[in-house]
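The values are calculated or read from the model by the stated rules, or taken from the named source; none is laboratory data. These numbers come from a predicted model, not from an experiment. Here the Cβ positions follow ideal geometry from the backbone for every residue, glycine too, while neighbour counts run over all protein chains shown.
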Amino acid sequence: MSTGQALSIADRIDRVKRALLGRSEPPPVAKDQGPQPPHAVAKEQSPEPLPAEYMHLWDGKRLTHDMTRSRIGTWVKVLTPYRSAVHSILEIGSWEGQSATFWLDFFPDCRLTCLDHFQGSPKEHHGTEFASRLPGVEERFDLNMRPYANRVEKIKSHSTPGLNALKMQKRKFDLIYVDGNHERDEVMLDSILSWQCLSVGGIIIWDDYDMGGEDPDKPRSAIDMFIALQRDEITVLHKSSEQVFARRLERRDT
Ligand SMILES: C[S@@+](CC[C@H](N)C(=O)[O-])C[C@H]1O[C@@H](n2cnc3c(N)ncnc32)[C@H](O)[C@@H]1O
């Protein structure tokens, strides 16, 4: 592995500052650091359509709200090359198991760990639209996952202690889907802790990248900052207003 050019602490802090301030110019790139993440966000004008074979994926499932359908086309497009390489998946935020159903179907050999406190996110699920759907969400998740019982592990916990426990157990995952709380600091915590559980070569997906637009308390600033921090061991595979896919690389500058 190439040693590349080591970055000083000052350079790293500068990069984080730039990411926080939303300046668009990319930081200087050391010569042999390999592929670099794109800096522009490709606005997803029209998300990939739902492929016909997934039209009936959720037939018979107990779902009160469609949280996932609009994501599937992009998941299929970006993840198809990795289909045979993904055997272990961690999902932060499962709700009723709609996205979980997709992972289990799309990666037929995978084992899936679902981490959720099943209390909803205070700013998203406690208002008028979702409050009536919140009771019974865990029971619906359990029912929907019953056909896959031997492949699914449910961890009922707030994500911070849950991820910390997985880290202490030295658990590693080939794919991690971050779709829990969408407040900036929670997204940052989930990202930092998830990263420690992501295999080298593994893929992390953040949902709702542009939720809240430029609002600094929303996911975008945390995701951008995290990617800037991990610059020496991350490559962005896909970035749109809805979601960001990135792959963990061997560290290049240590
Ligand atoms: C947007 S929903 C997940 C939707 C699901 N991924 C899907 O597409 O079918 C977010 C979920 O994250 C959970 N959640 C929010 N904050 C959390 C936290 N800090 N720790 C654990 N779970 C959390 C909520 O209970 C909710 O079920």
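Screening Phe141 with (1) surrounded by 15 or more Cβ atoms within 10 Å (Cβ to Cβ); (2) within 19 Å of the chain's Cα centre (by Cα); (3) part of a helix (DSSP H, G or I); (4) not hydroxyl-bearing (Ser, Thr, Tyr) gives one miss only, at (2). Here is the figure for the stretch 141-167: residues that are within 14 Å of the ligand (Cβ to nearest atom), under 22 Å from Asp66 (Cβ atoms) and touching a strand residue (DSSP E or B) at 6+ places or on another chain (Cβ under 8 Å) total 5. Of the residues examined, Ser24 is not one that is within 16 Å of the ligand (Cβ to nearest atom) and either at pLDDT below 95 or closer than 30 Å to Asp215 by Cα (or both).
Between Ser88, Ser84, Ser121, Ser132, the distinction of being under 15 Å from the mean Cα position of the chain (by Cα) and either touching a residue at least 24 places away in the same chain (Cβ under 8 Å) or more than 9 Å from the ligand (Cβ to nearest atom) (or both) belongs to Ser88 only. The lone criterion from (1) away from the ligand (no atom under 12 Å from the Cβ); (2) on the phi > 0 side of the Ramachandran plot; (3) at pLDDT below 95 left unmet by Lys170 is number (3). Given the structure, is Asp109 in a helix (DSSP H, G or I) and either over 16 Å from Gln243 (Cβ atoms) or within 16 Å of the ligand (Cβ to nearest atom) (or both)? For Asp109, the condition - in a helix (DSSP H, G or I) and either over 16 Å from Gln243 (Cβ atoms) or within 16 Å of the ligand (Cβ to nearest atom) (or both) - is not met.
When Asp185, Asp190 are screened for being under 19 Å from the mean Cα position of the chain (by Cα), surrounded by 23 or more Cβ atoms within 10 Å (Cβ to Cβ) and of a type in the set (Asp, Glu), only Asp190 passes. Picking from residues in the stretch 112-138 that are of a type in the set (S, T, N, Q) and not in a helix (DSSP H, G or I), the one that is modelled with the highest pLDDT is Thr113.
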